[in-house]
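Data block below; observations after.
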Amino acid sequence: ASEYKNLDVSFQSGRIEEFISQLEIGQYDLVLGLSVFHHIVFEQGILTVTEMLSNLANKVEVGIFEFAQSSEPLYWAEAQPDRSFDLLNGFAFVHELSQHETHLSNITRPLYFSSNHFWYLNGEMEFFDSMTLSSHNLSNNAHQETRCYYFNEDYFLKKFYLDIAELKSVNLKEWNNEIKFLDSAPSNLNVPKLILHGHNEKEAWIVRSKLSGELLLNIMQEGGNYNQERILEDILKQLVSFEEIGLYHNDIRIWNILINSEGGASLIDFGSISPEAVDCIWPNDLFISFSIFVYELTVGINDYSLSTRSVTASPFLLKGIYKRWMISFWMKSPSEWSFQLLYELFLKRENLIENYSESDLSLQNWLQCIEQASNKLQV
């Protein structure tokens, strides 16, 4: 302050706990907590410090923190959390900026950027309006909170944590799939622009432009109106475009379809697009899985609380033109199945006739599917 007299600077000193409790919302923009909180963890415990920092998160724009590690060879190390960023659970966005050496040991300490208002990645900073740990309201924490989603009017950020061993490879695979697809997506598809991406040892992230619209799942749950035939045609066109360049979407579900203001439909979850022609879970076959999707779209879902998909792959469960369409498809040998064939039959749906017998391939294929389902769902 004495050297830079043109700056209006003041200083205070005191206990961190007391200062944070007295802090007013918006009083400060930025807080630096550098290699100090491990002492309070040692004195007062992890829960106390987590609550203290959660209180701070609601009062400042940004916090930058460096935390000591539980693996350091010092007396207070055993008191520290195994994952130091767990102390920052009160912040919606937490990102490891770097690792730094100290004079105490050869173990480095992480430096975190934390905020309830901004993300900071690849040297770029942007505000967010909202965030969620679930991609949709039927996810049932399938990813064990290793994915975070942030939104504003223009951008969408998806962040993956890589510290849970059994989910690391899945998260990295989807992260890589999405980057590859968005980097080289066909020009005739309505896909977002890839803004930036990156990863470190513990995190991976993608920022892309935001597509406008509402999830089909939400519309269905709220009893809203939607055009079944328009949705099927739009989605089939996209799947055919993927197929033509050797790509497939392995998670065609009502929660991965976005409906725009004009009623048009677009597939999302671009991390599910890859050269692998296999669905992500039972029934594994992309086309049998698509049959279940057609049933859910055109007949409906009775219970949205169920954590597993219903065994509704049979074309006989469908009604009207959808029944005739899917039976015509199932009557073909599975070796002939393709989204191009499915789309061509869809275009002829009004003229297809309901002509099948118990010996038809459609029934054989359906029975085989049910056998697979029974084996899969056995307790």
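The values are calculated or read from the model by the stated rules, or taken from the named source; none is laboratory data. Quantities reported herein were computed from a predicted structural model and do not represent experimental measurements. No Cβ is skipped: glycine too gets one built from the backbone with ideal geometry, and neighbour counts run over all protein chains shown. When the accessible area is computed, the model is the full protein with side chains, heavy atoms only, and any ligands, DNA or RNA have been set aside. Shrake-Rupley method; radii C 1.70, N 1.55, O 1.52, S 1.80 Å.
Side notes on the structure shown:
- Residue count for the stretch 274-311, restricted to those that are modelled with pLDDT under 90, of a type in the set (Ser, Thr, Tyr) and buried (at least 18 other Cβ atoms within 10 Å of the Cβ): 0
- Among the residues making up the stretch 214-261, those that are touching a Leu at 6+ places or on another chain (Cβ under 9 Å), touching a residue at least 40 places away in the same chain (Cβ under 8 Å) and outside any helix (DSSP H, G or I) are Glu214, Leu215, Ile252, Arg253, Ile257, Leu258, Ile259, Asn260.
- Out of His103, His143, sole residue that is of a type outside the set (Gly, Ala, Ser), open to solvent by 30 Å² or more (accessible area, probe 1.4 Å), modelled with pLDDT under 95 and within 24 Å of Phe42 (Cα to Cα): His103
- Among residues of the stretch 23-49, those that are of a type in the set (A, V, I, L, M) and surrounded by 12 or more Cβ atoms within 10 Å (Cβ to Cβ), counted: 8
- Neighbours by Cβ (under 7 Å, 6+ apart or cross-chain): first from the stretch 127-140, touching a residue at least 60 places away in the same chain (Cβ under 8 Å); second assigned to a loop (DSSP other than H, G, I, E, B) and open to solvent by 70 Å² or more (accessible area, probe 1.4 Å): Asn140/Ser307
- Filter result for the condition that a residue is open to solvent by 50 Å² or more (accessible area, probe 1.4 Å), under 25 Å from Phe329 (Cβ atoms) and among the acidic types (Asp, Glu), over Glu262, Glu229: Glu229
- For the stretch 161-172, taking the residues that are surrounded by 13 or more Cβ atoms within 10 Å (Cβ to Cβ) and among the charged types (D, E, K, R), the one that is farthest from the chain's Cα centre (by Cα) is identified as Asp163.
- Tally of residues being of a type in the set (Phe, Trp, Tyr) and either assigned to a loop (DSSP other than H, G, I, E, B) or at pLDDT below 90 (or both) across the stretch 320-362: 3
- Condition broken by Phe156, with the remaining ones in (1) open to solvent by less than 60 Å² (accessible area, probe 1.4 Å); (2) touching a strand residue (DSSP E or B) at 6+ places or on another chain (Cβ under 7 Å); (3) within 25 Å of Phe67 (Cβ to Cβ) satisfied: (3)
- Residue match in the stretch 7-22 (condition: closer than 19 Å to Arg109 by Cβ, surrounded by 10 or more Cβ atoms within 10 Å (Cβ to Cβ) and either of a type in the set (S, T, N, Q) or in contact with a Ser or Thr (Cβ under 6 Å, 6 or more places away or on another chain) (or both)): no
One line per residue, one yes/no per condition, for (1) in contact with a His (Cβ under 7 Å, 6 or more places away or on another chain); (2) in a loop (DSSP other than H, G, I, E, B); (3) of a type in the set (A, V, I, L, M, F, W, C):
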position: Asn6; (1), (2), (3): no, yes, no
position: Ser10; (1), (2), (3): no, yes, no
position: Glu18; (1), (2), (3): no, no, no
position: Ile25; (1), (2), (3): no, yes, yes
position: Tyr28; (1), (2), (3): no, yes, no
position: Gly33; (1), (2), (3): no, no, no
position: Val41; (1), (2), (3): no, no, yes
position: Leu47; (1), (2), (3): no, no, yes
